[in-house]
Amino acid sequence: MERSLDRSTLLKAAQRGTFGIAARKSGDTWLIDDKSVQFAVWLESRRRNIPPPTIKGELPEPPAWINTDAGRHAWKVNLAWHVNAAGTTEQDVSYRNVLLREADMLYNR
């Protein structure tokens, strides 16, 4: 017995990037390759009502100069902030302070 999926479920999954390269946007329309492995895995997990597998990557611990809760939080959740912080050197003290202030403004409201 085949169950159908509503369009909003497919749209949300495509927008989240669940299908990887199997879904692409053309104008206002999402095109989904229903023969792709990513779509097949997602569809099967929906049929069995289990969440699809999630790949989790481990982040390294933040450097010692990131000494605030907001900074540690930004290190974990904000990729752009993480990349900027990881690219600093010992000579970039003022830039590190800017990054910490930015994290404070973003996450300590």
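Among helices (runs of 4 or more DSSP H) lying entirely in segment 63-109, which contain 2 or more residues that are of a type in the set (V, I, T) and free of Cβ contacts under 8 Å to residues at least 24 places away in the same chain?
93-107
Those residues that are surrounded by 18 or more Cβ atoms within 10 Å (Cβ to Cβ) and in a helix (DSSP H, G or I), I need them from segment 10-37; list them, please.
Matches in segment 10-37: L10, A13, A14, A22.
From the list L31, L43, which one is modelled with pLDDT under 85, under 20 Å from A14 (Cβ atoms) and assigned by TED's automatic domain parsing to the domain that holds T18?
It is L43.
The values are calculated or read from the model by the stated rules, or taken from the named source; none is laboratory data. Because the structure is a prediction, the values reported are computed rather than measured. Glycine also receives a Cβ, built like all others from the backbone with ideal geometry; neighbour counts cover every protein chain displayed.
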